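*Asks:* Here you go, one structure.
All of the numbers you see were taken from the coordinates with simple rules; none came from a lab. Computed from a predicted model, the values in this text were never measured in an experiment. Note: ideal-geometry Cβ built from the backbone for every residue, glycine included; neighbour counts use all protein chains shown.
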Amino acid sequence: QKLRKVGGGGLACARDDPDFGISFGPDGLVVPMQKGRGRLATSKLGTYFERGPEEASSLFGGAGTMELRDLKVLVGVYGPEEEIPYAGGVLDMTSG
């Protein structure tokens, strides 16, 4: 499900910092990747991203924290003049 940005000006932007990790907004989805931090991801909805039709407080259901079993990173390599394809924001995460 795609969740809309609801507040916070530019703070709902994605961040990919090699010294910190990955985040969507300051609390929407945070995946710290520092050594020794374990594999915990956190999520809080409502501040910067909507809660959706079920009024969920987190992307992880009732829990605000989830231990990651796997992390898939999807990347593309494009030339400076090459158009980056957009597939409607839907990814198939079911295949290996």
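*Asks:* What length, rounded to one decimal in nm, is gained on full extension from S57 through to F20, with 0.36 nm per residue of separation minus their alpha-carbon distance?
*Replies:* Result for the pair: 11.0 nm of gain on full extension.
*Asks:* Sticking with this one: Restricting to DSSP loop positions (anything but H, G, I, E, B) with no more than 11 other Cβ atoms inside 10 Å of their own Cβ, which trypsin sites (Lys or Arg not before Pro) remain in segment 1-64?
*Replies:* Within segment 1-64, the qualifying trypsin sites (Lys or Arg not before Pro) (loop, at most 11 other Cβ atoms within 10 Å) are K2, R4, K35, R37.
*Asks:* Now, a different point. Net charge near P53, counting Lys/Arg +1 and Asp/Glu -1 over other residues with Cβ under 15 Å of its Cβ?
*Replies:* Net local charge, P53 excluded: 0.
*Asks:* Moving to a separate point now. Please report how far the C-alpha centroid of segment 26-54 lies from that of segment 57-85, rounded to the nearest whole angstrom.
*Replies:* Cα centroid of segment 26-54 versus Cα centroid of segment 57-85: 12 Å apart.
*Asks:* Which value results when the Cα radius of gyration for segment 1-75 is divided by 2.2 N^0.38 Å?
*Replies:* Compared with the compact-globule rule of thumb, segment 1-75 sits at 1.10.
*Asks:* Determine the sum of side-chain charges near G7: Lys and Arg each +1, Asp and Glu each -1, restricted to other residues whose C-beta is under 14 angstrom from that of G7.
*Replies:* +2
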